[in-house]
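*Asks:* Mind having a look at this structure? Questions to follow.
The values are calculated or read from the model by the stated rules, or taken from the named source; none is laboratory data. Since we're looking at a predicted model, the values are computed, not measured. We place every Cβ from the backbone using ideal geometry, glycine too, and count neighbours over all the protein chains shown. Just the protein is used for accessible areas: all its heavy atoms, side chains included, with ligands, DNA and RNA removed. Shrake-Rupley method; radii C 1.70, N 1.55, O 1.52, S 1.80 Å.
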Amino acid sequence: MTDAPVPEALVVMSREAFRNQFDSERISRLRALARVPDPVFVDDLDDPAVADRLASVEVLITGWGAPQLTQRRLEQMPRLQAMLHSAGSVRPHVTDELWDRGIRVAAVAEVNAVPVAEFTLAAIILAGKKAPFLAADRDPRRDGEAGTARFGRLGNFGVTIGVVGFSRIGRRVVALVQQLSSVTVLVADPFADPDEVRAAGGIPTPLEQLLPRVDVLSLHAPALPSTRHMIGARELAALPDHATVINTARGSLIDNDALVRECTAGRLNAILDVTDPEPLPEDSPLYGLPNVMITPHLAGSLGNELHRMTDAALDELERFAAGAPLHEEVTAESLRLSA
Ligand SMILES: NC(=O)C1=CN([C@@H]2O[C@H](COP(=O)(O)OP(=O)(O)OC[C@H]3O[C@@H](n4cnc5c(N)ncnc54)[C@H](O)[C@@H]3O)[C@@H](O)[C@H]2O)C=CC1
Ligand SMILES: O=C(O)C(=O)CO
């Protein structure tokens with residue numbers, strides 16, 4: 001530690017997020033790293049009762065439920081020096097004014113990538129076994145070969161996996177699937193360095209060449225205007241019969257209507273941790289299909305995995321307080337292609 005002054009910190013997130021992310025041990029660590037007058041956290045920056053805290057705060061630890069830090073809000077925080085985001089994407093919370101004012105921004109997306117990649121590995125293995133679909137199948141013909149054939153080829157030996165987005169999560173998925181005994185991993189990402197993809201065990205492949213070759217398509221690109229419906233009717237039609245689409249990224253990457261058509265026809269299977277819209281309307285045909293497994297956006301953050309994100313944000317606070325470089329600093333430029 002240096003003799004740098006101890007910064008004043010405040011946690012800004014929903015009450016539920018705070019309860020999930022900050023147990024007494026982590027509140028103690030926060031208090032050891034920073035001056036934290038009461039309240040430790042606020043969920044409403046517009047509450048007049050917190051105006052004094054905003055006037056003196058130097059570091060915000062943000063999370064789910066935090067508002068966007070607009071110019072108006074930043075004017076309430078004249079001493080703010082850093083925003084350390086302890087949840088998934090920082091994008092909805094930031095504005096250019098942060099960087100214009102020289103406020104430093106850090107994220108924990110690398111840490112958040114770990115459980116998403118692990119969930120994806122599990123989904124890929126189960127998709128090979130067709131386990132979620134066979135478990136959900138209520139067709140009396142499901143016993144034996146006839147049952148399994150409805151969902152496609154069975155098994156993980158020799159499968160081809162298509163990874164879209166050599167992102168933080170995509171890279172981890174490519175690394176994790178190397179542990180499977182015999183898989184081919186194709187990677188579509190126009191911004192990735194092909195040598196890095198090859199070094200990780202993937203084969204750089206343009207999306208249109210990847211689609212017809214995969215047993216499993218796993219999406220890991222960020223939600224940007226350029227990625228909206230990147231998997232549309234044409235791309236889904238290019239997938240082989242019985243391929244499984246895994247989406248842990250964002251629902252907007254897929255044209256939902258086209259996916260509904262393919263899955264209702266029984267031609268494709270899907271494992272969806274994210275949907276468009278989210279949640280799906282109660283009458284969405286996707287709910288009733290045995291070839292579709294839907295989880296409620298849980299891949300990245302649930303239960304004890306939230307503590308890993310809190311710890312990573314507190315590690316950033318420790319670095320900030322010591323005047324050390326931040327581990328995952330976000331700049332306006334680094335957000336251009338990012339989640
Ligand atoms: N299900 C969950 O709980 C969670 C989902 N996510 C989502 O997972 C996805 C990946 O997150 P990260 O790995 O942090 O993303 P990231 O921010 O690391 O992704 C950036 C990379 O995506 C790639 N990319 C950009 N445009 C692309 C395109 N058109 N085609 C292919 N690749 C493209 C580029 O290589 C870029 O560097 C995001 O959509 C994110 O919102 C993230 C955390 C939790
Ligand atoms: O915030 C995100 O990006 C998530 O998807 C939840 O971890």
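*Asks:* Determine whether Glu208 is of a type in the set (Asp, Glu) and within 16 Å of ligand 2 (Cβ to nearest atom). Steps first, please.
*Replies:* Details: of a type in the set (Asp, Glu): yes; within 16 Å of ligand 2 (Cβ to nearest atom): no.
Criteria not met by Glu208.
*Asks:* Taking helices (runs of 4 or more DSSP H) that do not extend beyond region 100-187, which have at least 3 residues that are within 16 Å of ligand 2 (Cβ to nearest atom) and open to solvent by 10 Å² or more (accessible area, probe 1.4 Å)?
*Replies:* Details: elements: 109-129, 131-136, 144-149, 168-177.
Fully inside region 100-187 and qualifying: 109-129, 168-177.
*Asks:* Let me ask something additional. Scan region 191-210 for residues that are within 13 Å of ligand 1 (Cβ to nearest atom) and surrounded by 12 or more Cβ atoms within 10 Å (Cβ to Cβ) and report the count.
*Replies:* Going residue by residue through region 191-210, those that are within 13 Å of ligand 1 (Cβ to nearest atom) are 191-194, 196-197, 200, 202, 204-208, 210.
Of the ones still in play, those that are also surrounded by 12 or more Cβ atoms within 10 Å (Cβ to Cβ) are 192, 194, 196-197, 200, 202, 204-205, 207, 210.
Matching residues across region 191-210 total 10.
*Asks:* Right, next: Among the residues in region 113-122, are any within 26 Å of Val90 (Cβ to Cβ) and among the hydroxyl-bearing types (Ser, Thr, Tyr)?
*Replies:* Step one: of region 113-122, the residues within 26 Å of Val90 (Cβ to Cβ) are 113-121.
Imposing the further condition that a residue be among the hydroxyl-bearing types (Ser, Thr, Tyr) reduces the set to 120.
The answer is yes; a qualifying residue exists.
*Asks:* Any residue at all in region 301-314 that is over 30 Å from Glu8 (Cβ atoms), polar (S, T, N, Q) and within 16 Å of ligand 2 (Cβ to nearest atom)? Break it down into steps so the answer makes sense when it comes.
*Replies:* We begin by selecting, within region 301-314, every residue over 30 Å from Glu8 (Cβ atoms); these are 302-303.
Retained after the next criterion (residues that are polar (S, T, N, Q)): none.
Looking for residues that are over 30 Å from Glu8 (Cβ atoms), polar (S, T, N, Q) and within 16 Å of ligand 2 (Cβ to nearest atom), one finds none in region 301-314, hence no.
*Asks:* Here is a list: Ala223, Ala149. Which entry is without any contact (Cβ under 8 Å) to a residue 40 or more places away in the chain and among the aliphatic types (A, V, I, L, M)?
*Replies:* Details: Ala223 fails: without any contact (Cβ under 8 Å) to a residue 40 or more places away in the chain.
That would be Ala149, the only listed residue that is without any contact (Cβ under 8 Å) to a residue 40 or more places away in the chain and among the aliphatic types (A, V, I, L, M).
*Asks:* Just checking, which of Leu306, Leu286, Leu317 is aliphatic (A, V, I, L, M) and free of Cβ contacts under 8 Å to residues at least 40 places away in the same chain? Give the derivation first.
*Replies:* Details: Leu306 fails: free of Cβ contacts under 8 Å to residues at least 40 places away in the same chain; Leu317 fails: free of Cβ contacts under 8 Å to residues at least 40 places away in the same chain.
Among Leu306, Leu286, Leu317, only Leu286 is aliphatic (A, V, I, L, M) and free of Cβ contacts under 8 Å to residues at least 40 places away in the same chain.
*Asks:* Something else about it: Identify, please: which residue in region 312-326 is open to solvent by less than 50 Å² (accessible area, probe 1.4 Å) and out of contact with any helix residue (DSSP H, G or I) (no Cβ under 6 Å at 6 or more places or on another chain) and is, among those, farthest from ligand 1 (Cβ to nearest atom)? Full working, then the answer.
*Replies:* Quick first cut of region 312-326, residues open to solvent by less than 50 Å² (accessible area, probe 1.4 Å) only: 312-314, 316-317, 320-322, 324, 326.
Within this subset, residues satisfying the condition of being out of contact with any helix residue (DSSP H, G or I) (no Cβ under 6 Å at 6 or more places or on another chain) are 313, 316, 320, 322, 324.
Numbers: Ala313: 15, Glu316: 16, Phe320: 22, Ala322: 26, Ala324: 23 Å.
Applying the filter and picking the extreme gives Ala322.
*Asks:* In this structure, does Thr248 turn out to be buried (at least 20 other Cβ atoms within 10 Å of the Cβ), in contact with a Phe, Trp or Tyr (Cβ under 7 Å, 6 or more places away or on another chain) and in contact (Cβ under 8 Å) with a residue 12 or more places away in the chain?
*Replies:* Working: buried (at least 20 other Cβ atoms within 10 Å of the Cβ): yes; in contact with a Phe, Trp or Tyr (Cβ under 7 Å, 6 or more places away or on another chain): yes; in contact (Cβ under 8 Å) with a residue 12 or more places away in the chain: yes.
Spelling it out, Thr248 is indeed buried (at least 20 other Cβ atoms within 10 Å of the Cβ), in contact with a Phe, Trp or Tyr (Cβ under 7 Å, 6 or more places away or on another chain) and in contact (Cβ under 8 Å) with a residue 12 or more places away in the chain.
*Asks:* Those residues that are within 20 Å of Glu318 (Cα to Cα) and not aliphatic (A, V, I, L, M), I need them from region 39-57; list them, please.
*Replies:* Narrowing region 39-57 to residues within 20 Å of Glu318 (Cα to Cα): 40-41, 56-57.
The answer is Phe41, Ser56.
*Asks:* Quick check on region 211-226: of everything there that is away from ligand 1 (no atom under 11 Å from the Cβ) and in a strand (DSSP E or B), which residue is surrounded by the fewest Cβ atoms within 10 Å (Cβ to Cβ)? Give the derivation first.
*Replies:* Step one: list which residues in region 211-226 are away from ligand 1 (no atom under 11 Å from the Cβ), which gives 211-217.
From the residues that got through so far, the ones that are in a strand (DSSP E or B) too are 216-217.
Numbers: Val216: 26, Leu217: 30.
So the residue we want is Val216.
*Asks:* On to the next question. From the list Ala66, Ala87, Ala17, exactly one residue is assigned to a helix (DSSP H, G or I) and either more than 30 Å from Gly170 (Cβ to Cβ) or out of contact with any Asp or Glu (no Cβ under 7 Å at 6 or more places or on another chain) (or both). Which is it?
*Replies:* After ruling out the rest, the residue left standing is Ala17.
*Asks:* Filter the helices (runs of 4 or more DSSP H) completely within region 227-327 down to those with at least 2 residues that are not assigned by TED's automatic domain parsing to the domain that holds Pro206. Before you say what the answer is, go through the steps one by one.
*Replies:* Numbers: elements: 233-238, 256-264, 305-321.
Answer list for region 227-327: 305-321.
*Asks:* When you go through Pro78, Pro37, Pro67 one by one, which is the residue that is under 23 Å from the mean Cα position of the chain (by Cα), assigned by TED's automatic domain parsing to the domain that holds Asp315, surrounded by fewer than 20 Cβ atoms within 10 Å (Cβ to Cβ) and not polar (S, T, N, Q)?
*Replies:* Working: Pro78 fails: under 23 Å from the mean Cα position of the chain (by Cα); Pro37 fails: under 23 Å from the mean Cα position of the chain (by Cα).
Of Pro78, Pro37, Pro67, the one residue that is under 23 Å from the mean Cα position of the chain (by Cα), assigned by TED's automatic domain parsing to the domain that holds Asp315, surrounded by fewer than 20 Cβ atoms within 10 Å (Cβ to Cβ) and not polar (S, T, N, Q) is Pro67.
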